[in-house]
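Encoded as structure tokens, the structure appears first; notes follow it.
We did not get these values from a lab; they are worked out from the coordinates using the rules stated. These numbers come from a predicted model, not from an experiment. Reconstructed Cβ throughout: ideal geometry from the backbone, glycine too, with neighbour counts over all protein chains shown.
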Amino acid sequence: MRKITISTILALSALSSNANADALGLYVGGGVWDHDPSGSFGTVGDPQIDMESNLRYSGEKDSYVYAAFEHFVPLVPNVRIERATMGHTGTATNLTFDNTSNLKGPSAINIDNTDAILYWRLLDNWVNFDLGFTARKLDADFTVDTKTVAVSETIPMLYAAVQFDLPLTGLSVGADINTISYSDASYNDLRIRALYEMGVIGFELGLKTTNLELKGLDKINADLEFKGMMVGAFLHF
């Protein structure tokens, strides 16, 4: 995996000392992501299984929740904790998985992510720009008939977010990304959102795309994409 150097952290901290949050802020929110799957997965040595044509996976709705704390203390990062679930179900017919052939019956894929994000606000006016690091706890189960293979890893990722505020309107638009690529996996989460705040209440609407590639990680080979609209609400104190 890519190593995060002390010099990089110090450089981010130095920049953030001149561009941090104006005051204390707490965000608590959540919502629903309506996503469609594409791609395939399988175990090492076995044929890949297409999620759409082989398993008949289709669109599903899953939830996400988060909390973020921002402050004005130089050098100290802001904190965001986020949890998201993602699952699909279908039916297997004469498939091979985990070195077992002729599997028939229910199939499911469940992916749970828990993110701990430390970030620095490098710009803080009508344009906001955050940069930091994410520790993502990935827990995934791949099931075909009676065979289940689990993946459980903690993955370091680069985090970046930008937001453009439209003065005097309560409206803003922005995007954020968590990304990593190394020998066993690549993982990318991209969200593009519009937000509206009215007092302490806010709403968000956007598009989220997740790409996950595993290369023999815990016996799983996978090349997956999930994409769809997201809608949520939050409180900002």
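In summary, the aspartates and glutamates within cross-link reach of Lys147, defined as a Cα separation below 20 angstrom excluding same-chain residues under 8 places away, comprise Asp46, Asp50, Glu52, Asp98, Asp112, Asp139, Asp218, Asp223. Charges were assigned to the Cβ only: +1 to each Lys and Arg, -1 to each Asp and Glu. The resulting dipole of the chain about its Cα centre is roughly 240 debye.
Between region 49-99 and region 133-186, the alpha-carbon centres lie 8 Å apart. With 25 Å as the limit on Cα-Cα distance, the pairs of Lys137/Lys215; Lys104/Lys208; Lys137/Lys227; Lys61/Lys215 that go past it are Lys104/Lys208; Lys61/Lys215.
Relative to the Cα centre, the charge distribution of region 12-144, modelled as +1 at Lys and Arg Cβ and -1 at Asp and Glu Cβ, gives a dipole magnitude of about 140 debye.
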